[in-house]
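S.K.: Let me begin by handing over the structure; questions about it come next.
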Amino acid sequence: MSTTSQKHRDFVGEPMGDKHVTALSGIGVVLGKQLEDQGFDKAYVVLGQFLLLKKDTEMFSDWLKDVTGANSRQSGTCAQCLKEWCDAFL
């Protein structure tokens, strides 16, 4: 069983609201800046991309790697965070 970070638990545990993209688990300052530069400045905008990819965590991870240069761990963590948030709130 894998463990999750406090950041992950905090994000999944409450409504998204207007959170900055760096509130997403797996997204730090550097990846957050790269996402912002691509127009993904808020967590809900990244969620929109996740939903456009039909909540497919593998496709989303590949997209995140392509857009930001994220590694597999970062992209997988972010995808899992969004999946769990969707399971809880959608």
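The values are calculated or read from the model by the stated rules, or taken from the named source; none is laboratory data. Treat the numbers as computed from the prediction; the structure is a model and nothing was measured. Because the Cβ atoms are built from the backbone with ideal geometry, glycine has one as well, and the counts that use them run over all protein chains shown.
S.K.: Do we have any residue at all in the range 66-76 that's touching a Ser or Thr at 6+ places or on another chain (Cβ under 6 Å) and either modelled with pLDDT of 95 or more or within 23 Å of Gln6 (Cβ to Cβ) (or both)?
M.R.: Yes - at least one qualifying residue is present in the range 66-76.
S.K.: A further question follows. Looking at the structure I just gave you, is Thr3 without any contact (Cβ under 8 Å) to a residue 12 or more places away in the chain and of a type outside the set (A, V, I, L, M, F, W, C)?
M.R.: yes
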